[in-house]
Every structure is written in structure tokens, then in C-alpha cells.
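Shown next, in C-alpha cells, is the structure this report addresses.
The values are calculated or read from the model by the stated rules, or taken from the named source; none is laboratory data. Since the model is a prediction, treat every value here as computed from it, not as a measurement. Quick reminder, even Gly has a Cβ in these numbers, built from the backbone with ideal geometry, and neighbours come from all protein chains shown.
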Ligand code: UD1
Ligand code: MG
């Protein structure tokens, strides 16, 4: 029978070296918080109900970031070190046999496959624990692994406590371990804060287990990038870059064309279908989904939005929290601010802003308009300079325009207002009263002509 697996993720520290008000695990790489990446990898080896995250800095915010996973939490009120953080889970977990996988919340690149292999190796062998290691060209900052003649781990020495010879060791402690549960919980309280930092180092557990006659095995992985831990902003940027590179590679292998891939930013959770083209410097963020045969123009930013197939987004367009149906054309320089739905084959042109607006199939707003809290019917034409006056200084009001209407240039539509199907609004009108279907509405001063006016003016002088 397979051993039950519990996962503990240590995430209670502030992360002093980040020099930030925000807890380190809440910083983002690849568009997700560091802790979300680590929990995501962990769900590959254990159900969420067997994953415990140790929290202690900005506890509520960390819990909120992870709410959708359904994991458990343990609290470490004072940050006395990684050994102390793990101890906070003992009461809840010590009664369960099997394996305990321990990870740190600041190592977001770890793959599910590597974690699974760690578990498989530990389950197949006789060691008390197995830990993941790799060789780094520059191991500065990491704990170093002291190996015995049979490849077993004798000790982990932290950077601060290491001798010059030990500092030259390239094998580092990744901070990813798999323990036999009963041995871990039996020995964890033997960790002492007897180091220059006066912290309870989890890494001391290796020597403690060895002293008790229990072996600790090392599992060396060749792709050291997976194990990078983040302690500084520079390391955060380096890891973010790896996520970006991975994402564009994955999308290109799935049939997405990405022009100058080194310039685009595509978050991990984004989905894009085949034959879509992403132009240089585009940013596609959050949980955006894009269908087939779309084109995302240069320097456009699309966030948490859904685009159907064959949508064309022209350069410098910003789309947030909106839905766009097939074959619509948006931009250049358009802004969809949130809560919009743009219908099939609709056209939104340059300097058009939409907020909370349902824009009908085949409708057009080709230039310079603000459409807020509005419903625009199918095939209606919105002229340049049209403004929905949706806000009276206190409340927002809706504008409803029927289908196949024609709103002339520079119309000012004072909401709440209804404009019927097939109606015409004269250019430059201020519309304050409902317009029936098929009617022409004019709301502007009449033009006056004074013949010979210029000559008379000159004579007066
Ligand atoms: C740790 C390891 C080091 C390893 C490196 C890998 C120890 C003593 N050292 O060092 O051997 O090479 O990770 O990246 O374990 N945390 C708590 N409570 C605490 C302290 C830390 O929950 O009291 C959490 C932090 O939030 C963080 C994780 O533990 O997510 C690791 O802490 P960090 O301070 O980053 O340890 P490193 O110095 O990187
Ligand atoms: Mg760290």
C-alpha cells in the first residue's frame, strides 16, 4: 500500500533581504505569488487537505492568496527559524504515519515531476529522509551539503557557519526534503538554536538523524534552475524571467506564433489557442484566454479577459476584465476598462474607451468615444466624439441604444437615456430625452448666417 503523504510548506518569514513591506511569498513571478507556485507543485503529490502552509507574516493575505486551493494552515507567531516553523505542525500531523515532504515558500520553480521523484526515491529506499540537491556555479547564500563516502548526507552547513573549505562545496541544499513521518516528529524537538543567528535551523535535523543511526539520502537533480530560492529582488527578477521563457516556449510548441518572444510578458495561467500571433512587447496577464487565429498587436496589454477566435487587437490597446467575441477588431489605442462584452465582428477604433458596456455584434465606434454603463445594439454606428454622460456626480446611469441606430459625431448622451432601433442622432446633439425608434433627434443650436458681416466689421474700425 502507498504511504500517505503530508506536505508542509514553510512561508512564515518576512524575507528581510527583499527589503519590502510585503511578505516575501506574496511577491510575484510569472504572474502568480511565489507561494501559489509552490502549492500548485505540491498538489501534484498530495490532495490539498494534506498540504499545510505555515504562516506568520501577513497571515490573512497569505491565506487569501491560497483560498482557492483549500489547503490547511498552521501558525508560527514568532519567526525563530525553519526548524521552529516545521515544529508548529507537529501536533496536527504527528499521529499520521507515512511521509512528510517539507518545502520552502520561496522556491517557486520546482516541478511536480521532480517532487514525485523525490517521494518515489524515499518510498523505495531505507533512508530516514531524502533531500534534493544540485551543483551551482555560485552557491553563495545556500546551505552546503556534506556528503559521506557512499553519497549519504552527513550534514548541511549554513553559509554563515561554514568554513572556507565548506564554502567551496558546490552542492547546495534546495530546502526540499522528504522524511519518514515518525522519525521526523520524534527528533524535531532536538534542534537547538546554537548558531550565530540563534535560529532553529531545520537543516540540523540531518546530523540529529545521523546521530540516532538513521541515514539521510541525497537526490541530485541536473536542472539546477528548478531549485532556485528567492531571497532578493534580483533573484525574483531572475526567476520571473525563467517563468516567462518557459511560458513562451510552451505556447510556441503548442502552435502560437510569438514575434520576438524575449520582449513579451505572458503569465503562467494564460491560455492561447493555435495560430494566434502575439506581436512584440505584448503583455497577456492573469487568467486571460485567447482563441485561435487571433492577433495581439504590439505593446497591447490584455488582463483577465476572454477573447474568442479571429479577434484582432491592434497595437497599444488595453483590455481588462472583458469578453470579446469572434472576429471583433479593437484598437489601435483603444481601452476596454472592465465589465465589457464586445460582440461578433464589432469594431472599436482608436481612442475609444469602454466601461461596463455591452457592445452589439457588428456595431462600430471607430474613433474618439467614451461609452460607459451602456448597451449598444447590433450594427449601430457610434460617431467620433460620442460621449455617454453616465455619471451625475453621485450615481451612475445607463444608456440604451437599439440596433442599427446612427449616432452622429460629437453627440452627448445624458443618461439615463433610451435611444430606439434605427434612429438617427444629429451630429453635435445633446440628447436628454428618449428617442423613439426610426426617429431623427436633433439637440443643438441652429446655425445663423450674417451675409457681409466681415466687411461691415472692417468699416467700423
Ligand atoms: C534555507 C536553508 C538553506 C537552503 C535555502 C534554499 C535553513 C536554515 N536554511 O535558507 O540551507 O540552501 O533555504 O533556498 O533552513 N521560514 C519560516 N519561519 C521562519 C524562518 C523561515 O516559515 O522562522 C520560511 C520562510 O518564509 C521561507 C523559508 O522558510 O519561505 C526559507 O527561509 P529563508 O530565510 O529564505 O532561508 P534561506 O536563508 O534561504
Ligand atoms: Mg530562502
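Structure summary
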read-out: Some residue of the stretch 82-99 being under 19 Å from residue 219 (Cα atoms), away from ligand 1 (no atom under 14 Å from the Cβ) and either within 30 Å of the chain's Cα centre (by Cα) or modelled with pLDDT under 95 (or both); value: no
read-out: The listed residue being closer than 21 Å to residue 129 by Cα, more than 16 Å from ligand 1 (Cβ to nearest atom) and touching a strand residue (DSSP E or B) at 6+ places or on another chain (Cβ under 6 Å), out of 5, 51; value: 5
read-out: Which listed residue is within 29 Å of residue 266 (Cβ to Cβ) and in contact with a helix residue (DSSP H, G or I) (Cβ under 6 Å, 6 or more places away or on another chain), from 48, 64, 94, 23; value: 48
read-out: Residue that is nearest to ligand 1 (Cβ to nearest atom) [pool: residues in the stretch 225-237 that are in a helix (DSSP H, G or I) and either in contact (Cβ under 8 Å) with a residue 40 or more places away in the chain or out of contact with any strand residue (DSSP E or B) (no Cβ under 9 Å at 6 or more places or on another chain) (or both)]; value: 227
read-out: Some residue of the stretch 116-125 being more than 22 Å from residue 209 (Cβ to Cβ), modelled with pLDDT of 95 or more, outside any strand (DSSP E or B) and near ligand 1 (Cβ under 10 Å from one of its atoms); value: no
read-out: Residue match in the stretch 239-248 (condition: within 30 Å of residue 79 (Cβ to Cβ), surrounded by fewer than 16 Cβ atoms within 10 Å (Cβ to Cβ), within 16 Å of ligand 1 (Cβ to nearest atom) and at pLDDT 95 or above); value: no
read-out: Filter result (assigned to a loop (DSSP other than H, G, I, E, B) and exposed (fewer than 15 other Cβ atoms within 10 Å of the Cβ)) within the stretch 252-262; value: 254, 255, 259, 260
read-out: Residue count for the stretch 10-23, restricted to those that are crowded, with 24+ Cβ neighbours inside 10 Å and under 20 Å from the mean Cα position of the chain (by Cα); value: 2
read-out: Selection from the stretch 144-167 of residues that are under 24 Å from residue 5 (Cβ atoms) and within 11 Å of ligand 1 (Cβ to nearest atom); value: 145, 156
read-out: Any chance residue 241 is within 27 Å of residue 285 (Cβ to Cβ) and more than 16 Å from ligand 2 (Cβ to nearest atom); value: yes
read-out: One residue from 139, 170 being farther than 24 Å from residue 41 by Cβ and modelled with pLDDT of 95 or more; value: 170
read-out: Single residue of the stretch 102-115 satisfying the filter (more than 16 Å from ligand 2 (Cβ to nearest atom) and surrounded by 16 or more Cβ atoms within 10 Å (Cβ to Cβ)) that is nearest to residue 220 (Cα to Cα); value: 114
read-out: The stretch 393-411, subset in a strand (DSSP E or B) and farther than 12 Å from residue 441 by Cβ, residue nearest to the chain's Cα centre (by Cα); value: 396
read-out: Lone qualifier among 99, 86, 118 - being within 16 Å of ligand 2 (Cβ to nearest atom), touching a strand residue (DSSP E or B) at 6+ places or on another chain (Cβ under 7 Å) and closer than 27 Å to residue 144 by Cβ; value: 86
read-out: Flag for residue 207 being assigned to a helix (DSSP H, G or I), more than 16 Å from ligand 2 (Cβ to nearest atom) and under 30 Å from residue 181 (Cβ atoms); value: yes
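Yes or no, residue by residue, for (1) surrounded by fewer than 19 Cβ atoms within 10 Å (Cβ to Cβ); (2) closer than 17 Å to residue 103 by Cβ; (3) at pLDDT 95 or above:
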| position | (1), (2), (3) |
| --- | --- |
| 159 | yes, no, no |
| 181 | no, yes, yes |
| 185 | no, no, yes |
| 202 | no, yes, yes |
| 212 | yes, no, yes |
